[in-house]
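Please read the structure below before turning to the comments.
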Amino acid sequence: MKKFFKEFRDFAIGGNLIDLAVGVIIGGAFNAIISSLVKDIFVPVLGLIFGNPNGLEGMEYNGITYGNFLTAVITFILTAFCLFVFIKAINSAKEALKKKEAKPEEPAAPAGPTTEELLGEIKDLLAKMAK
């Protein structure tokens, strides 16, 4: 049980929980922006296109109100698209940073003489010394 609490403490302090909390807060604010964009800009324009001055809200067919559903679908699609673009930009920035931080490989040291070459040199030196 002690190990469990230690793992939880490491998780909470390690940044994962804080990252998650920041993500939820930013996501909530981002959702408010996208919802406003859809409700205040796109829906009225689509309402004019479809001939409903109130936007998509209240649009129905045989008692089935589909206007609010269309608004929710548009909100979802725009939110998903914006998050995709945002995450793609973050991933590109991370990769660029990794490339920048990566140390260039050091050139390989020049190859020295082989054992056979060294033994040949020693043999030649010994032969000169013997003369």
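Laboratory data are not the source of any read-out in this text; all were calculated from the coordinates shown. In this text, all values refer to a predicted model and were calculated from it rather than measured experimentally. Every residue, glycine among them, receives a Cβ derived from its backbone with ideal geometry; neighbour counts consider all protein chains shown.
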Practice task
Name the residues whose placed amide hydrogens come within less than 5 Å of the amide hydrogen of Leu56, ignoring near sequence neighbours (fewer than 5 apart) on the same chain.
Solution key: Gly47
Handout entry: Principal axis dimensions, the chain - Cα atoms, whole angstrom, descending
Key = 116, 49, 24
Practice task
Using Cα centres only, tell me the gap between the range 23-45 and the range 48-86 in whole Å.
Solution key: 13 Å
Problem - Separation in nanometres of the label points that stand 7 Å from Cα toward Cβ, at Ile18 and Phe81 - result: 3.6 nm
Practice task
Run down the lysines and flag those whose C-alpha is under 18 Å from the C-alpha of Lys88, throwing out any fewer than 8 positions away in its chain.
Solution key: Lys98, Lys99
Handout entry: 0 to 90° range, to nearest 10: angle between helix 115-130 axis and the chain longest Cα axis
Key = 20 degrees
Fill in the blank from the handout: Under the helix-only model (-39500 (n - 2.57) for each DSSP H run of 4 or more, divided by the residues of the chain), the mean residue ellipticity at 222 nm, to 500 deg cm²/dmol, is -24000 deg cm²/dmol
